[in-house]
Amino acid sequence: MKMLSTLPTPRSTLSRFSIPSTITTFTSHSQTLPQASLTTSPPHSQILSTRHSLLSRNLSAVDLVRSHLTRLRLTEPHLRSFLHLPDDQTLLTQAHDLDRRIANGEEVGPLAGVLVAVKDNICTSDMPSTGGSRILENYRPPFDATAVKRVKELGGIVVGKTNLDEFGMGSTTEASAFQVTANPWDVSRVPGGSSGGSAAAVSARQCVVSLGSDTGGSVRQPASFCGVVGLKPTYGRVSRFGLMAYASSLDAIGCFGSSVADTGILLHAIAGHDRFDATSSKQEVPNFLSHFDSTSSLESKPLKGLRVGLIRETIEDGVDAGVVSTIRAAASHFEELGCSVNEVSLPSFSLGLPAYYILALSESSSNLSRYDGIRYGNQVYADELDSLYGDSRAKGLGSEVKMRILMGTYALSAGYYDAYYKRAQQVRTIIRNSFKEALDQYDILISPAAPSAAYKIGEKKNDPLAMYAGDIMTVNVNLAGLPALVLPCGFIENGTAGLPVGLQMIGAAFDEERPQSFINTCKMGELLRVGHIFEQTLENGRFVPPIVADSVE
């Protein structure tokens, strides 16, 4: 396959990248809100498209940024995806510099010109990082998170900080201290959470890709609600340095994109060991990008021999009938691609939700103690130190965060530790072993990413238990530390337009990608390759929301 690095245009620093050139060129954006429409062509890589256009001089970085700003002005008042945006001149200056370096034949990184949004609990030195909380309002870190630093080093342009539930504690973005983000498919509905802003921004093409964080499904559930691809990597695959800690044994920085290829390219950029994070893995980050082949190069049964297990407990009572039928249709598509698909039972699956909330809340009660008005956070004046602590936290933290801190502290308190925290850790081991047994029999496991499509804003705000129950599909993956990929696989009809449904694919640890030599000797495919083939062969497989449908090719 011809590589972009072989073009006679400027040299490019590809690091460990090897970027294919099967792409579609960039198109300009409309300035009017369109009506809903469906596109039938499979999604293409915006990263590869942008790169090709820049290096072949068909598009300038300045034009790219101006087009982005136009779309942002059009959509942001409706969606409120971003909490912080750099001024226009800052972005245009970066674009001018990139155009100059290309014109001079200088080296440019593999993410050159790629517009990247960053969840606001991931530190950025040049923009505020609030975690969606009043206690960190206007806080500006003195450093970039490792993931952000790597994006910038490879040429990515950070276009803003996205909205989230406060400190990642929520499933709708309604728990943000600043604003509620709307779903691009229906602005009366939630985008999911806690990474709702990052998912909505990619869905509405306000950016090319975005970074989020996933503690119990906070990348995957919004990806499902917003009709985009979301990837939660293996625990340790991506450095957590610079991510505001919620539950340290569960947290992971994840990726959003409008295609599997873009999501995989972003993961590849940020993955790898980091000396600032002792939990980051030294596992090799293979070169996998050549696996993103076009449909014309695929065999008639490109996934022949792949063993797929459909988790039975995820398609039973409590899951919307429309979601179940869409997931069963996705399973049938796997069979058409040559896979063997069977239902598999994970009896411990239902144990994950209560165990997760005990562990996550216990860890959060410890992690969030640093926001006391002294070490971190806005300070409320008081005559005594205890009052300063109490008043600063009372004023700065929201109700959902306070409730979770109280529950976590209770679970860790004397006399209750063994009954709650210790038992939850034992359940975690059972769940991890259950996944291991299932993944010894199957190459990947599949399930819905959420038990329903996106629901109305305010529908579950006063019913926290119902909101927590929505995490049932995703929390077990975090407890086991496994990678999971969510990609849109169909729609549930709702009024004049359908709402997207996400398929979750779960793999063994570090199975996001495998070295090419391993794939050649084993017919088991890694998540990104399998997801890419599924996406590219799915009928009506391109998911573009009504708010931008007419402006996306």
Open item on the list: I'm checking my understanding of the structure. Among residues of region 359-376 that are without any contact (Cβ under 8 Å) to a residue 40 or more places away in the chain and part of a helix (DSSP H, G or I), which one is farthest from Ala414 (Cα to Cα)?
Closed with: Arg370
TODO: Among the residues of region 377-410, write down those that are in a loop (DSSP other than H, G, I, E, B) and buried (at least 17 other Cβ atoms within 10 Å of the Cβ).
DONE: Gly377, Val380, Leu397, Gly398
Task: Only listed residue being outside any helix (DSSP H, G or I), surrounded by 16 or more Cβ atoms within 10 Å (Cβ to Cβ) and not hydrophobic (A, V, I, L, M, F, W, C), chosen from Gly352, Gly415, Gly309 - done: Gly309
- [ ] Mind telling me which of the residues Gly216, Gly197, Gly227 ends up being under 27 Å from Thr326 (Cβ atoms), open to solvent by less than 10 Å² (accessible area, probe 1.4 Å) and within 11 Å of the chain's Cα centre (by Cα)?
- [x] Gly197
Task: Residue check, Arg150 in a helix (DSSP H, G or I), of a type outside the set (Val, Ile, Thr), open to solvent by 10 Å² or more (accessible area, probe 1.4 Å) and touching a residue at least 40 places away in the same chain (Cβ under 8 Å) - done: yes
Open item on the list: Under 7 Å between Cβ atoms, which residue pairs at least 6 apart in sequence (or on different chains) link something in region 312-337 that is farther than 12 Å from Ser452 by Cα with a partner that is part of a helix (DSSP H, G or I) and of a type in the set (Gly, Ala, Ser)?
Closed with: Glu313/Ser350
- [ ] Take Gly242 and decide whether it is at positive phi, of a type in the set (Gly, Ala, Ser) and under 11 Å from the mean Cα position of the chain (by Cα).
- [x] no
TODO: Filter region 74-95 down to the residues that are at negative phi and assigned to a loop (DSSP other than H, G, I, E, B), then identify the one that is surrounded by the fewest Cβ atoms within 10 Å (Cβ to Cβ).
DONE: Asp87
TODO: Kindly provide the set of residues from region 530-552 that are assigned to a helix (DSSP H, G or I) and among the aliphatic types (A, V, I, L, M), ordered by number.
DONE: Val530, Ile533, Ile547, Val548, Ala549
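Please verify whether region 275-289 includes one or more residues that are outside any loop (DSSP other than H, G, I, E, B), in contact with a Phe, Trp or Tyr (Cβ under 7 Å, 6 or more places away or on another chain) and modelled with pLDDT of 95 or more.
Checked region 275-289: no residue is outside any loop (DSSP other than H, G, I, E, B), in contact with a Phe, Trp or Tyr (Cβ under 7 Å, 6 or more places away or on another chain) and modelled with pLDDT of 95 or more.
The values are calculated or read from the model by the stated rules, or taken from the named source; none is laboratory data. Remember, predicted model here, so these are calculated numbers, not experimental data. Note: ideal-geometry Cβ built from the backbone for every residue, glycine included; neighbour counts use all protein chains shown. With ligands, DNA and RNA removed, areas are computed over all heavy atoms of the protein, side chains included. Shrake-Rupley method; radii C 1.70, N 1.55, O 1.52, S 1.80 Å.
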